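Inspection log for the structure reproduced underneath, given as structure tokens.
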Amino acid sequence: MAAKFLIVGAGFSGCVLANRLIKQLDCTIDIIDERSHIGGNCHTSRDEETGIMVHHYGPHIFNTDKKEIWDFVNSFVEFRPYVHRVKARVDDKIFPLPINLMTINQYFGKALDPKQAKIFLSSLADHSILHPTNFEDQALAFIGKDLYRAFFYGYTKKQWGCEPRELPASILKRIPVRFNYDDNYHPHPYTGIPVEGYSAVMEKMIDSPAIKLHLNRKFFPGEQHEEYNHIFYTGPLDTFFQFCFGRLGYRTVTFERNVQDGDFQGTAQMNFCDETVPYTRISEHKHFTPWEKHDKTVYFKEYSHETTPSDEPYYPKRLDADKRILFDYRKKAATLNGFSFLGRLATYRYMDMHNVIDEALHFATTFAQAFKTGKPLPVFPNIEDSI
Ligand code: UDP
């Protein structure tokens, strides 16, 4: 008899998992999501007023260094090449990000070549910090006080609502420093945007008679779900356990929508690094699809704040106190039967789309093999090192 699975959450984790499970096991799958749309925080749809494809939960640019992940997403829809070139506004001046030779030369009013810039930045770096463990030390050890203060301190304080020295160094490691004029924000060789948006990718992934999507349906952890052989949960881990060990810290984002004629800022993303500007960045979405023509433009100012119980969780803070709570939830999850936990929210990690997809692909294979052979079923993806 066919197995029956429930997947909670219709974002990339849930949709990739469903797509792979039906290929590897004789099964039917229900996917439920409490929101009214597919796609989780990668949801896109056309703006009714302007016709522009909007990333409703902030800009998403698909990028990966793994050809198999690129081929996988491209097997569903057409992606077009897109290079993300972020601009940063500091003290009423505009600079390219990530920090590259242009940023360094413009900021310091110099004309350094790559070798000179390396020596110059090394002269600014704090060499007394040998093993940086937090965001601030990571920055000071590599780029020094001036660039850190200008580009990272204010933005990070606004974005995360705490002092950068409380945050892990891994957040800063997301952004490279380059000693050439390459201002491509994402260093990965495969980068693009799906022509009809990310929600269309996920719709295609679950387009099968064996998969049924139920939107506007909330999951209640205490409920009986005896009809299912297994439940895959991709929502927030603390919500699943009804916050019995406390709430995990998340930042959320509020978007202020604006429409006008023409071109507002001339680029897809402008970061506002000064602490005095209340928003972190402005995304102007028609620049994500340069192959389309639109007379009007729609742009969004992003305000970051602490997540209250009624907000969507966006960015896991992963402060030390959070990690202790996470440890307790993970221990409790491991004692359950019939549940697996997957994705950004259920594993409480700052993950990009390609990481989420990669992990869901591998998890589906591991799960399917264990299920077929009667071995213990995996509860989490293999992430022990990064808890
Ligand atoms: N960041 C910053 N200034 C910037 C851009 C980024 O200080 O202009 C820091 C900030 O702490 C942010 C982190 O670097 O959270 C990672 O930036 P990324 O662009 O990857 O953030 P995302 O697009 O995921 O929000």
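The values are calculated or read from the model by the stated rules, or taken from the named source; none is laboratory data. The shown structure was predicted, so the numbers you read here are calculated from the model rather than taken from an experiment. A quick note on method: Cβ atoms are made from the backbone with ideal geometry, for glycine too, and the neighbour counts reach across all protein chains shown. All accessible areas refer to the heavy atoms of the entire protein, side chains included, with ligands and DNA or RNA removed. Shrake-Rupley method; radii C 1.70, N 1.55, O 1.52, S 1.80 Å.
For this structure, a couple of remarks:
- Kirkwood-type hydrodynamic radius, segment 252-313: 12.8 Å, calculated from all non-identical alpha-carbon pairs.
- Selection from Gln242, Thr254, Ala268, by position along the positive dipole direction of segment 233-277 (Cβ): Gln242
- The GluC sites (Glu not before Pro) of segment 11-93 meeting both criteria, a DSSP state outside H, G, I, E and B (loop) and at most 14 other C-beta atoms within 10 angstrom of the site's C-beta, are Glu34, Glu48, Glu49, Glu78.
- Antiparallel DSSP beta bridges within the chain, as percent of all bridges there, nearest 5: 65
- Segment 175-236: C-alpha pair distances exceeding 19 Å, %: 62
- Given +1 at the Cβ of Lys and Arg, -1 at the Cβ of Asp and Glu and no other charges, the dipole of segment 228-387 around its Cα centre is 740 debye to the nearest 20.
- Residue-normalised convex hull volume from the C-alpha trace of the chain: 150 Å³ per residue.
- Taking all Cα-Cα distances within segment 99-256, those exceeding 19 Å account for 72%.
- Computed Kirkwood radius, in angstrom, where 1/r is averaged over Cα pairs of segment 227-286: 16.0
- When only alpha carbons of segment 1-155 are considered, Rg and Dmax amount to 22.6, 71 Å.
- Taking Cα atoms only, the orientation of helix 353-373 departs from the longest principal axis of the chain by about 20 degrees.
- Over segment 278-329, relative contact order from alpha-carbon pairs under 8 Å, at least 6 apart, %: 33
- The stretch between Asp113 and Arg257, if pulled fully straight at 0.36 nm per residue, gains 47.7 nm over its current Cα-Cα span.
- Cα principal axis extents for segment 177-306, largest first, Å: 56, 40, 36
- Separation between Cα centres of segment 313-345 and segment 240-282, rounded to whole Å: 24
- Full extension of the chain segment joining Lys173 with Lys296 gains 40.6 nm, where the gain is 0.36 nm per residue of separation less the Cα-Cα distance.
- Debye equation applied to the C-alpha atoms of segment 142-217, log10 I(q)/I(0) at 0.13, 0.18, 0.22 Å⁻¹: -0.71, -0.89, -1.05
- Cα-derived Rg to Rh of segment 1-70, Kirkwood definition: 1.07
- Carbon plus sulfur fraction of accessible area for segment 331-387, probe 1.4 Å, in percent: 51
- Annotation: per residue accessible area for segment 1-153 equals 44 Å², rounded to a whole number [probe 1.4 Å, protein chains only].
- P(r), alpha carbons of segment 32-120 - 10 Å bins starting at zero, rounded %: 12, 27, 27, 22, 10, 2
- Segment 151-178-segment 195-230 distance, computed between alpha-carbon centres (Å): 35
- Counting only protein heavy atoms and a probe of 1.4 Å, the accessible surface of segment 137-237 is 50% carbon and sulfur.
- Shown here for segment 264-348: GluC sites (Glu not before Pro) in loop regions (DSSP other than H, G, I, E, B) with at most 13 other Cβ atoms within 10 Å, namely Glu275, Glu292.
- Dipole-positive endmost among Tyr329, Thr297, Tyr315 within segment 268-341 (Cβ charges, Cα centre): Tyr329
- For a straight C-alpha distance cut-off of 22 angstrom, the lysines reachable from Lys372 (same-chain residues fewer than eight places away being disregarded) are Lys4, Lys23.
- Per-residue packing, averaged as other Cβ atoms within 10 Å, sorts the ranges 250-263, 99-112 into the order 99-112, 250-263, beginning with the highest.
- Percent breakdown of C-alpha pair distances by 5 Å bin, ordered from the shortest bin, for segment 264-362: 2, 9, 13, 14, 17, 15, 11, 8, 6, 3, 1, 0
- Lysines whose Cα lies under 27 Å from that of Lys115, excluding same-chain neighbours fewer than 8 positions away: Lys87, Lys93, Lys145, Lys173
- With only Cα atoms counted, segment 112-186 has Rg and Dmax values of 12.6, 37 Å.
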